[in-house]
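See structure below.
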Amino acid sequence: MILTDLNAPGGIGANCLLLQFDGLNIVIDAGIHPKMTGPEALPRIDRLKDIRLDLIFLTHSHLDHLGALPVLARDHPSTPIVMSHDTGQFYRRMLQNSCTVMERQRMEFGIAGYPLYSYRDITICHRQVIALHPGHARHFEGDSGDRISFTLHRSGHIPGAMGILLEYRHRKILHTGDVLFSDTRLLDGARFPEETVDTVILETTRGATARRASRESEMERLLECIEKTTSRGGSILIPTFALGRMQELIAVLHAARQEGRLRNLPVFVSGLGIDLLNQFDRISRGTSTLRIRRKMMRELGAVKLPGTHRPGRERPAIYLLSSGMMVENTPSYGAAEALLGTHRNTIAFVGYCDPDTPGGRLLATPHGENFLFKAPGKSVPALAQIEKFDLSSHADREELLDFARAREPRRIVLTHGDPGARAWFKDHLEDESGDERVVNPSPLQAVKV
Ligand SMILES: [Zn+2]
Ligand SMILES: [Zn+2]
């Protein structure tokens with residue numbers, strides 16, 4: 001197999017891997033780079049234009065995996081796109097939202113080439129989709145007559161997320177996708193095959209991060225933080241990613257309320273996360289692996305944040321608002337501006353914040369110093385309590401290491417990680433074998449695996 005990483009800047013970025021077998025060309029994921037704008041944010045799918053693609057796989061609906069799919073599909077209009085049945089239910093909502101954001105950015109900042117695709121492209125792309133349930137092997141024959149089998153396996157990370165097991169001429173290749181092994185209140189963890197494989201393509205997101213306190217203990221610490229803040233008369237803002245985290249927190253708050261905690265506390269939510277909750281409600285009815293229902297919103301007394309509502313003016317409340325990194329002009333950004341200047345309030349981050357985003361900048365701001373909200377051009381003293389909880393949807397590095405070792409692969413390909421994260425995996429995997437079995441592919445360079 002020849003593997004080429006088409007994510008030009010390296011790191012996590014715009015995920016897109018080309019796998020070439022004798023007579024078959026396969027692409028796994030087509031994302032956009034979260035820190036780049038315009039056509040630069042795309043992986044180098046222009047290099048695929050003269051290649052006949054036989055199959056495209058989508059592991060899950062985060063935009064660093066999905067965001068370039070309509071562009072790739074436009075170039076390869078007859079290539080089947082394989083994804084999980086659950087992802088097939090809501091990935092278009094993510095793309096439509098991304099399209100709307102790009103349209104707004106073109107108008108505000110004049111970004112050339114935006115949007116990268118239209119609503120119509122999303123509709124056309126959907127005609128190529130083959131949505132499959134996990135655990136069932138499929139056999140595929142390309143135009144060349146060459147054959148491959150593939151099976152999707154739940155990877156736990158977010159609803160619909162899958163790893164992919166490919167079987168080509170008795171060789172097994174497992175691509176983990178983004179993984180969370182532990183079960184959450186929302187979702188079952190990864191359920192991967194226990195068998196040995198020849199090659200593991202391994203996500204390495206947390207390679208530079210030591211093992212966390214358990215996710216359950218972090219959730220409990222968050223609940224206690226909410227209780228402390230509101231009992232002193234303050235409100236708490238939880239900037240939240242719309243896909244997965246928002247619904248998980250609703251399920252967690254709902255369970256706490258059922259146990260008699262967080263009584264009489266208003267809960268305000270916003271945006272895309274609620275649309276997705278409605279889609280997940282539908283999926284949850286047909287499975288026990290996803291556990292979120294629309295009625296939990298009602299039972300929790302959660303309501304959409306009214307446009308006229310000014311956080312902090314009324315009684316203590318919980319604000320569960322996107323975006324997770326508190327990006328400008330989002331509900332969490334506006335609520336932070338209203339809550340930051342008062343001691344009794346709390347802003348609690350529950351996911352990764354890039355240092356260049358407002359969330360990352362706020363986390364680096366010493367208590368009491370002014371924080372500049374650039375969008376309205378207003379400085380606010382950082383007096384509220386700022387907290388961070390490690391609720392990552394990625395497996396700890398030790399778990400991934402154990403998983404990869406247990407598959408006894410001849411080759412391990414590192415992917416989806418910054419250089420420091422990949423280096424940790426390379427060190428730990430090479431130490432014990434002393435051979436060349438770990439591959440850390442350089443962007444755009446074809447490597448034989
Ligand atoms: Zn992801
Ligand atoms: Zn990812």
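What to note about this one:
- Among the numbered conditions (1) touching a Gly at 6+ places or on another chain (Cβ under 9 Å); (2) in contact (Cβ under 8 Å) with a residue 24 or more places away in the chain; (3) away from ligand 2 (no atom under 16 Å from the Cβ), the only one that Arg212 does not meet is (1).
- Residue in the range 126-144 that is buried (at least 21 other Cβ atoms within 10 Å of the Cβ) and away from ligand 1 (no atom under 16 Å from the Cβ) present: no
- In the range 1-34, the residues that are touching a Pro at 6+ places or on another chain (Cβ under 9 Å) and more than 13 Å from ligand 2 (Cβ to nearest atom): Leu3, Thr4, Asp5, Leu6, Ala8, Pro9, Gly10
- Of the numbered criteria (1) aliphatic (A, V, I, L, M); (2) open to solvent by 20 Å² or more (accessible area, probe 1.4 Å); (3) part of a helix (DSSP H, G or I); (4) within 24 Å of Gln96 (Cβ to Cβ), the one Met325 fails is (3).
- Looking across the range 4-32, the residues that are under 13 Å from the mean Cα position of the chain (by Cα) and modelled with pLDDT of 95 or more come down to Ala14, Asn15, Asp29, Gly31, Ile32.
- Cys125 meets the conditions (1) in contact with a strand residue (DSSP E or B) (Cβ under 9 Å, 6 or more places away or on another chain); (2) in a loop (DSSP other than H, G, I, E, B) in every case but one. The failed one is (2).
- Candidate set from the range 255-266 (those that are under 12 Å from Met297 (Cα atoms) and not hydrophobic (A, V, I, L, M, F, W, C)); member that is surrounded by the most Cβ atoms within 10 Å (Cβ to Cβ): Arg257
- Residues in the range 334-352 that are in contact with a strand residue (DSSP E or B) (Cβ under 7 Å, 6 or more places away or on another chain) and without any contact (Cβ under 8 Å) to a residue 60 or more places away in the chain were compared, and the one that is surrounded by the fewest Cβ atoms within 10 Å (Cβ to Cβ) is Gly341.
- Qualifying residue in the range 342-351 (condition: in a loop (DSSP other than H, G, I, E, B), under 28 Å from Arg206 (Cα atoms) and either in contact with a Gly (Cβ under 8 Å, 6 or more places away or on another chain) or among the small types (Gly, Ala, Ser) (or both)): yes
- Among the conditions (1) in a helix (DSSP H, G or I); (2) within 30 Å of Arg93 (Cα to Cα), Ile201 misses just one, which is (1).
- Restricting the first member to the range 8-37 and to residues that are within 18 Å of Pro419 (Cβ to Cβ) and open to solvent by less than 10 Å² (accessible area, probe 1.4 Å), and the second to residues that are more than 12 Å from ligand 2 (Cβ to nearest atom) and part of a loop (DSSP other than H, G, I, E, B), the beta-carbon pairs closer than 6 Å and six or more apart or on different chains are Ala14/Pro43.
- First in the range 173-191 and farther than 12 Å from Ala395 by Cβ, second anywhere and open to solvent by less than 10 Å² (accessible area, probe 1.4 Å) and of a type in the set (Phe, Trp, Tyr), Cβ under 8 Å, 6 or more apart: His175/Phe57
- If you go through the range 290-310 and keep only what is within 27 Å of Pro34 (Cβ to Cβ), part of a loop (DSSP other than H, G, I, E, B) and either among the basic types (Lys, Arg) or open to solvent by less than 10 Å² (accessible area, probe 1.4 Å) (or both), you end up with just Ile292.
- Sole exception among (1) within 16 Å of ligand 1 (Cβ to nearest atom); (2) modelled with pLDDT of 95 or more for Val71, by number: (1)
- Of the residues screened, Leu58 is one that is at pLDDT 95 or above and buried (at least 24 other Cβ atoms within 10 Å of the Cβ).
- The set of residues in the range 242-254 that are farther than 21 Å from His157 by Cβ and surrounded by fewer than 24 Cβ atoms within 10 Å (Cβ to Cβ) contains only His254.
- Residues in the range 65-118 that are in a helix (DSSP H, G or I), of a type in the set (S, T, N, Q) and exposed (fewer than 15 other Cβ atoms within 10 Å of the Cβ): 1 in all.
- Residues located in the range 394-449, provided they are in a loop (DSSP other than H, G, I, E, B) and exposed (fewer than 12 other Cβ atoms within 10 Å of the Cβ): Glu408, Gly434, Asp435, Glu436, Ser442, Gln445
So that you can scan it fast, the table gives a plain yes or no per residue for (1) within 16 Å of ligand 2 (Cβ to nearest atom); (2) outside any loop (DSSP other than H, G, I, E, B):
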{"residue": "Phe150", "(1), (2)": "no, yes"}
{"residue": "Gly163", "(1), (2)": "yes, yes"}
{"residue": "Leu174", "(1), (2)": "no, yes"}
{"residue": "Thr184", "(1), (2)": "no, no"}
{"residue": "Arg191", "(1), (2)": "no, no"}
{"residue": "Glu195", "(1), (2)": "no, no"}
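- Here His85 meets the list (1) more than 30 Å from His136 (Cα to Cα); (2) at pLDDT 95 or above; (3) under 20 Å from the mean Cα position of the chain (by Cα) almost entirely, failing just condition (1).
- In the range 220-241, the residues that are within 20 Å of the chain's Cα centre (by Cα) and open to solvent by 20 Å² or more (accessible area, probe 1.4 Å): Phe241
- Residues of the range 159-188 that are in contact with a Ser or Thr (Cβ under 6 Å, 6 or more places away or on another chain) and either among the aliphatic types (A, V, I, L, M) or surrounded by fewer than 19 Cβ atoms within 10 Å (Cβ to Cβ) (or both): Ala161, Met162, Leu165, Glu167, Ile173, Val179, Leu180, Asp188.
- Members of the range 211-245 that are farther than 19 Å from Asn264 by Cα, of a type in the set (D, E, K, R) and not in a helix (DSSP H, G or I): Arg211, Arg212
The values are calculated or read from the model by the stated rules, or taken from the named source; none is laboratory data. The model shown is predicted, which means the values in this text are computed figures rather than measured ones. Positions of Cβ are backbone-derived with ideal geometry, glycine not excepted, and every protein chain shown enters the neighbour counts. Quick note on the areas: whole protein, heavy atoms, side chains included, nothing else; ligands and nucleic acids left out. Shrake-Rupley method; radii C 1.70, N 1.55, O 1.52, S 1.80 Å.
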